[in-house]
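Student: I am attaching a structure below and will ask some questions about it afterwards.
The values are calculated or read from the model by the stated rules, or taken from the named source; none is laboratory data. In this text, all values refer to a predicted model and were calculated from it rather than measured experimentally. Note: ideal-geometry Cβ built from the backbone for every residue, glycine included; neighbour counts use all protein chains shown.
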There are 2 protein chains.
Amino acid sequence: MRYHKVPDETIRRLPVYLRGLCSFPNDGSRSISSQQLAEVLHVKSPQVRKDLSYFGDIGTPGVGYDIQKLKKHIRTILRLNNTHCAALIGYGNLGAALLKYTGFKTFCVEISAVFEINPRKIGRVVQKIKIEDVSNISSLRKRGISVAILAIPALESQDVTDKLIDAGVGGILNFTPSYLSAPTNVKVVNIDIGVSLACLPYYLPVGA
Amino acid sequence: MRYHKVPDETIRRLPVYLRGLCSFPNDGSRSISSQQLAEVLHVKSPQVRKDLSYFGDIGTPGVGYDIQKLKKHIRTILRLNNTHCAALIGYGNLGAALLKYTGFKTFCVEISAVFEINPRKIGRVVQKIKIEDVSNISSLRKRGISVAILAIPALESQDVTDKLIDAGVGGILNFTPSYLSAPTNVKVVNIDIGVSLACLPYYLPVGA
DNA sequence: TTAGGTCTGTGAACGAGAACTCAATCACGA
DNA sequence: TCGTGATTGAGTTCTCGTTCACAGACCTAA
Ligand SMILES: NC(=O)c1ccc[n+]([C@@H]2O[C@H](COP(=O)([O-])OP(=O)(O)OC[C@H]3O[C@@H](n4cnc5c(N)ncnc54)[C@H](O)[C@@H]3O)[C@@H](O)[C@H]2O)c1
Ligand SMILES: NC(=O)c1ccc[n+]([C@@H]2O[C@H](COP(=O)([O-])OP(=O)(O)OC[C@H]3O[C@@H](n4cnc5c(N)ncnc54)[C@H](O)[C@@H]3O)[C@@H](O)[C@H]2O)c1
């Protein structure tokens with residue numbers, strides 16, 4: 001492997017590969033070819049090989065990829081070896097749904113802190129987590145929490161983002177419909193549900 | 001404007017432009033330049049002009065874009081002139097959050113039907129909508145509902161998708177972590193929250 | 001009426017990422 | 001030990017989308 005900047009698109013596909021591998025029928029075979037992997041995941045096989053080749057020689061020519069080794073390798077690349085703790089900011093409609101969701105553990109991510117501004121919610125215990133006051137965000141650094149999920153009203157999002165960054169957070173999953181300013185060493189991933197939904201009618205057949 | 005296939009990326013930006021225009025400070029000026037628009041939305045100004053130019057001459061050289069006209073124009077392109085009714089499939093954690101959300105009306109989309117398989121939920125009235133049995137999906141065609149939001153367990157997603165397509169649905173917003181097979185005339189937009197979250201640790205500074 | 005400044009629309013250059021292709025590599029069996 | 005078939009890794013090509021740059025349209029004011 002030579003030096004290469006890894007495309008963001010590749011990073012985004014790795015979790016998909018990982019999930020595919022986890023749910024792969026354990027039919028005794030220890031290895032899987034890029035062809036088989038590609039079919040399950042609905043991508044092309046050269047894509048799979050190129051993605052994986054960015055990170056060194058993982059596969060074996062003539063054989064394929066060792067399933068267990070590949071899983072471990074992808075986890076290492078994504079830093080998902082040990083469980084990551086994430087903070088949820090905003091326990092509203094969306095926040096509550098996210099907190100109840102158990103699917104994140106496939107990716108070794110676990111929501112381990114919840115912050116609110118509403119006094120009626122602060123102090124309540126939900127899913128074994130005690131909801132804290134939003135001013136406690138500054139404690140995130142010493143608690144080793146560096147990933148945050150933003151599910152608060154758009155107006156407050158930049159303020160809270162600034163606080164998160166001050167507290168050493170390096171990755172933010174943003175559900176609010178606002179653009180968040182952040183230094184380049186902080187990664188912001190946006191999920192804009194409204195925009196995704198608004199795109200659909202365009203693709204409907206005319207007259208529908 | 002010549003004939004051009006419009007890039008998907010352009011379509012995806014249009015709702016962002018629309019939302020930006022809606023929240024633009026109404027300081028009396030009737031028009032806005034691509035420069036100003038670009039600043040608000042954090043894109044480059046040639047991008048804005050190119051995106052809009054796919055759909056004919058909307059702006060006025062030397063002046064800019066008439067704000068009200070542009071809003072109307074974008075709505076027309078995206079077919080968001082008259083309210084679109086959408087069906088929500090699955091009233092679980094996520095489905096409930098989506099149904100309560102009022103922000104979709106910015107984009108003239110409204111959830112007007114909810115389907116469930118759980119008998120204890122069927123028949124309940126939530127947000128003025130009566131939850132129906134999933135077998136009623138076939139009635140969507142005559143009700144003129146052609147957009148659906150999938151928020152059910154992954155295992156059932158392909159089955160229900162097939163039913164939705166049979167019922168004439170042409171656009172699906174998919175929250176399940178599975179790949180949905182659909183004919184090319186049906187648009188599927190995926191929102192994979194788990195994958196988005198799993199990407200974040202990769203970008204954290206080493207040692208964090 | 002015309003000159004000068006502003007801003008759009010668009011062809012062309014550029015860049016990133018996806019798909020293709022094939023030489024190099026490996027397992028296995030003769 | 002060597003030949004065969006399978007499969008990777010990576011250089012090349014292709015496709016799509018973004019950025020650039022400028023001609024032309026428009027407004028205003030003298
Ligand atoms: N619910 C959805 O389906 C949906 C869809 C698309 C986008 N969103 C976006 O997600 C965000 C959350 O949506 P929601 O429906 O859960 O809203 P919500 O109003 O139900 O919940 C927001 C929660 O955040 C809390 N909050 C407000 N300010 C805060 C602060 N400064 N610090 C900590 N907590 C604070 C509020 O007390 C409330 O509990 C919004 O930006 C919304 O636009 C939601
Ligand atoms: N909740 C989250 O935060 C979250 C995050 C990421 C992904 N997801 C995905 O979104 C989907 C829904 O998640 P959830 O947390 O709301 O799950 P949930 O279990 O809370 O809700 C699922 C609902 O769908 C209903 N249902 C099941 N089969 C059905 C069918 N065939 N037809 C109609 N309804 C049916 C169930 O009765 C239930 O009410 C899942 O695929 C999940 O993986 C959710």
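Student: Spot the failing condition for residue A:38; the list is (1) within 7 Å of DNA strand D (Cβ to nearest atom); (2) within 13 Å of chain B (Cβ to nearest Cβ), and only one is missed.
Tutor: (1) is the only condition that residue A:38 fails.
Student: Name the single residue, out of those in segment A:197-208 being within 7 Å of chain B (Cβ to nearest Cβ) and surrounded by fewer than 18 Cβ atoms within 10 Å (Cβ to Cβ), that is nearest to residue B:205 (Cα to Cα).
Tutor: Checked segment A:197-208; the qualifying residue nearest to residue B:205 (Cα to Cα) is A:205.
Student: For segment B:60-71, which residues satisfy the criterion of being assigned to a loop (DSSP other than H, G, I, E, B) and either farther than 18 Å from residue B:24 by Cα or under 25 Å from the mean Cα position of the chain (by Cα) (or both)? Step through it out loud before you land on a result.
Tutor: Here is the first cut: in segment B:60-71, the ones assigned to a loop (DSSP other than H, G, I, E, B) are B:61-63.
Across segment B:60-71, the qualifying residues are B:61, B:62.
The rows are residues; the columns are (1) touching a residue at least 24 places away in the same chain (Cβ under 8 Å); (2) under 18 Å from the mean Cα position of the chain (by Cα); (3) over 19 Å from residue B:20 (Cβ atoms); (4) within 14 Å of chain B (Cβ to nearest Cβ).
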position: A:114; (1), (2), (3), (4): yes, yes, yes, no
position: A:135; (1), (2), (3), (4): no, no, yes, no
position: A:139; (1), (2), (3), (4): yes, no, yes, no
position: A:145; (1), (2), (3), (4): yes, yes, yes, yes
position: A:176; (1), (2), (3), (4): yes, yes, no, yes
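Student: Oh, and also: Quick one: would you say residue A:172 is buried (at least 16 other Cβ atoms within 10 Å of the Cβ) and more than 8 Å from chain B (Cβ to nearest Cβ)? Explain how you work it out, then say what you get.
Tutor: On the way: buried (at least 16 other Cβ atoms within 10 Å of the Cβ): yes; more than 8 Å from chain B (Cβ to nearest Cβ): no.
Taking the combined requirement at face value, the residue does not satisfy it.
Student: Only one of B:88, B:14, B:98, B:18 is touching a residue at least 40 places away in the same chain (Cβ under 8 Å), within 15 Å of the chain's Cα centre (by Cα) and outside any helix (DSSP H, G or I). Can you tell me which?
Tutor: Only one candidate qualifies: B:88.
Student: Being within 16 Å of ligand 2 (Cβ to nearest atom) and of a type outside the set (Gly, Ala, Ser) narrows it down to one residue among A:15, A:61, A:25; which is it?
Tutor: Of A:15, A:61, A:25, the one residue that is within 16 Å of ligand 2 (Cβ to nearest atom) and of a type outside the set (Gly, Ala, Ser) is A:15.
Student: Give the residue that is nearest to residue B:93 (Cα to Cα), with candidates limited to residues of segment A:121-138 that are touching a Phe, Trp or Tyr at 6+ places or on another chain (Cβ under 9 Å) and in a strand (DSSP E or B). I'd like the intermediate steps shown before the answer.
Tutor: Taking segment A:121-138 as the starting set, the residues that turn out to be touching a Phe, Trp or Tyr at 6+ places or on another chain (Cβ under 9 Å) are A:121-122, A:124, A:126, A:131-137.
Subset that is in a strand (DSSP E or B): A:126, A:131-133.
Values: A:126: 14, A:131: 19, A:132: 22, A:133: 24 Å.
This residue is A:126.
Student: I'd like to verify a number: residues in segment A:10-33 that are within 14 Å of DNA strand C (Cβ to nearest atom) and more than 26 Å from residue B:203 (Cβ to Cβ), how many?
Tutor: So the count comes out to 5.
Student: Test each condition in (1) near ligand 1 (Cβ under 10 Å from one of its atoms); (2) over 27 Å from residue B:107 (Cβ atoms); (3) in contact (Cβ under 8 Å) with a residue 12 or more places away in the chain for residue A:193 and report the one that comes out false.
Tutor: The number of the failed condition is (2).
Student: Is it the case that segment A:23-34 has a residue that's over 30 Å from residue A:132 (Cβ atoms), away from chain B (no Cβ under 14 Å) and more than 16 Å from DNA strand D (Cβ to nearest atom)?
Tutor: Yes: one or more hits.
Student: Turning to a different aspect of this structure: When the residues of segment A:21-55 are filtered to those that are touching a strand residue (DSSP E or B) at 6+ places or on another chain (Cβ under 6 Å) and not in a loop (DSSP other than H, G, I, E, B), which remaining residue is modelled with the lowest pLDDT?
Tutor: A:31
Student: Based on this model, can you work out whether residue A:88 counts as in the same structural domain as residue A:172 (by TED's automatic domain parsing) and touching a Gly at 6+ places or on another chain (Cβ under 6 Å)? Please lay out each step first, then the result.
Tutor: On the way: in the same structural domain as residue A:172 (by TED's automatic domain parsing): yes; touching a Gly at 6+ places or on another chain (Cβ under 6 Å): yes.
So residue A:88 fits the description; yes.
Student: Of all residues being touching a Gly at 6+ places or on another chain (Cβ under 9 Å) and of a type in the set (Ser, Thr, Tyr) in segment B:30-66, which is farthest from residue A:181 (Cα to Cα)? Just the residue, please.
Tutor: Checking each candidate, the answer is B:53.
Student: Is it the case that residue B:114 is of a type in the set (A, V, I, L, M, F, W, C), in contact with a Phe, Trp or Tyr (Cβ under 6 Å, 6 or more places away or on another chain) and surrounded by 14 or more Cβ atoms within 10 Å (Cβ to Cβ)? Let's see the steps before the verdict.
Tutor: Working: of a type in the set (A, V, I, L, M, F, W, C): yes; in contact with a Phe, Trp or Tyr (Cβ under 6 Å, 6 or more places away or on another chain): yes; surrounded by 14 or more Cβ atoms within 10 Å (Cβ to Cβ): yes.
Yes: the conditions hold for residue B:114.
Student: Between residues in segment B:47-59 that are closer than 12 Å to residue B:35 by Cβ and away from every other protein chain (no Cβ under 14 Å) and residues that are part of a loop (DSSP other than H, G, I, E, B) and within 11 Å of DNA strand D (Cβ to nearest atom), which pairs lie under 8 Å by C-beta distance while being six or more apart or on different chains?
Tutor: Cβ pairs passing all conditions: B:49/B:59.
Student: Moving to a separate point now. Anything in segment B:73-107 that is within 7 Å of another protein chain (Cβ to nearest Cβ) and basic (Lys, Arg)? List them, or say none.
Tutor: Across segment B:73-107, the qualifying residues are B:79, B:100.
Student: From the list B:6, B:16, B:63, which residue is surrounded by fewer than 18 Cβ atoms within 10 Å (Cβ to Cβ), within 16 Å of DNA strand D (Cβ to nearest atom) and within 13 Å of chain A (Cβ to nearest Cβ)?
Tutor: None of the others qualify; the one that does is B:6.
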